[in-house]
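One structure is given below, encoded as structure tokens.
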Amino acid sequence: MSGALRLERAFALDTARHLSIGGRYPTALALPDRWRTWQPFAVRAGLKLIRHFRPRIIWSTYPVASAHAIGARLARLTGLPWVADMRDPMVEHDPYSGIDYPRDPRIRAARLEIEREVVRHAKRVVFCTAGSLRISADRYGPDAASRFSIIPNGYDEQVFADSEQDLAPRERERQGFTLIHSGTVYPGDDRGPGALFAALATLRDQGRLPANFRLSLRATGYDAEMRALVESAAVGNLVEIAPAVPYRQALGEMLQADGLLLLQGAASNPAIPAKLYEYLRARRPLLALVHPAGDSAALLRELNAAVIAPLDDARAIATALGNFLDRCAAGTAPVVSKAVADRFSRRTQTGELAALLNSILA
């Protein structure tokens, strides 16, 4: 049917679930990923669909590396132009820790082989941040980079509109100050909130926090580790480890927060979390604890959308948080306009993808 989406499923085994014994399995069965068995069945299904629907372009998307292996195979067999949506890098090197990702050299080698296939044969290669694009451009040179494009992540405007409608009939009673982080919080000195908790303790002891201040960490994914950090920093009277809630409810909580919190360590510098775009759409004051050289910091500086400090510096966080709270109280905290936020709606990003596909056909 014209305008309809058809979903065709192909057989696959998850190596970790279906081929492991006692939770262990040979790495060779998970190269380039745990779904390598998907490849022959997906190629066969793809050829059948291509014969039936006569598409003009093949499109594949990461983070499952096998998807690009399938896209490459279908492009070779049919001669159709292929667009590979890389999103984040398959392989990268953290210059601060010296660690290569993925850490297993065999998985890295398998993914590099697919990445080279993408760069050699795809008509366009799409990334979601400038940092991700730059990693591949440095690896493969300017000729390859001439076929690279950026289409950032975004948010679903309809879900936000529905959440706003849910909130419309209710007047929120403001009591104190609630700072919310919604989603996974990773443990570890380079990714976790340890320095933030130390900064909170400092500001509390100095009497610089608003009455009834509360930091809510919603759906951390590492609740036990977070509770241990809270106890160690003696900030249990300030920090709440909150359970997961339905997505639409979580958006409503963002829309009503006094402030929103972003946490991102240096290892993730080439990435911009999807949460950041949701925060921009929520249009609440934002405190961003991110590495100053990362893509998130660059975007927030460009938009003048947040008070920024490095994630691992308790003294800098205390200064930034004090400034953030003062500006929130004065009504001068930076918040983007709705027009700026609209740049990152999925409708806008879909338009960019459509324009890219049309440029290939033209």
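We did not get these values from a lab; they are worked out from the coordinates using the rules stated. What you see is a predicted model; the values in this text were computed from it and never measured. Cβ placement follows ideal geometry from the backbone for every residue including glycine, while neighbour counts extend to all protein chains displayed.
Taking loop as defined by DSSP and a crowding limit of 14 other beta carbons within 10 Å, which trypsin sites (Lys or Arg not before Pro) in the stretch 13-62 fit?
ARG56
Can you work out the PRE-style zone for ASN323? Point 7 Å along Cα to Cβ, and I want the residues of the stretch 204-238 with backbone N under 18 Å.
In the stretch 204-238, the label zone of ASN323 (backbone N under 18 Å from the point 7 Å along Cα→Cβ) covers 208-209.
Output the relative contact order of the chain, whole-number percent, from Cα pairs under 8 angstrom with separation of 6+ residues. The partial results should precede the final answer.
On the way: 598 pairs, mean separation 50.3, N = 362.
It rounds to 14 percent for the chain.
Highest GNM mean-square fluctuation, the chain, Cα pairs closer than 10 Å: which of PHE197, PHE41, PHE160?
Among PHE197, PHE41, PHE160, the largest GNM mean-square fluctuation belongs to PHE41.
Between VAL245 and LEU5, 0.36 nm times their residue separation minus their Cα-Cα distance comes to what?
83.5 nm
Suppose a student asked you for the relative contact order of the stretch 157-342, using Cα pairs under 8 Å spaced at least 6 residues apart; what percent would you report?
So the answer I get is 24 percent.
Looking only at GLY23, GLY207, GLY265, which one moves most when the chain is put into a Gaussian network model with springs between Cα atoms under 10 Å?
Result: GLY23 has the largest fluctuation of those listed.
Please find, in a Gaussian network model of the chain (springs between Cα atoms separated by less than 10 Å), the residue of HIS291, HIS93, HIS68 whose mean-square fluctuation is greatest.
Ranking HIS291, HIS93, HIS68 by mean-square fluctuation puts HIS93 first.
Can you classify the chain as rounded, prolate or oblate using the Cα gyration tensor, where a ≥ b ≥ c are the square roots of its eigenvalues, rounded means a/c under 1.5, and otherwise it's prolate if a/b beats b/c and oblate if not?
Prolate is the answer for the chain, as a/c is 1.5 or above and a/b outweighs b/c.
Sort TRP38, TRP59, TRP82 so that the residue with the fewest other Cβ atoms within 10 Å of its own Cβ comes first and the one with the most comes last. Can you show the working numbers first?
Working: TRP38 21, TRP59 17, TRP82 24.
The fewest-first ordering by Cβ neighbours comes to TRP59, TRP38, TRP82.
Select from the stretch 91-193 those GluC sites (Glu not before Pro) which occupy a DSSP coil region and have at most 11 other Cβ atoms within 10 Å, ordered by residue number.
GLU171, GLU173
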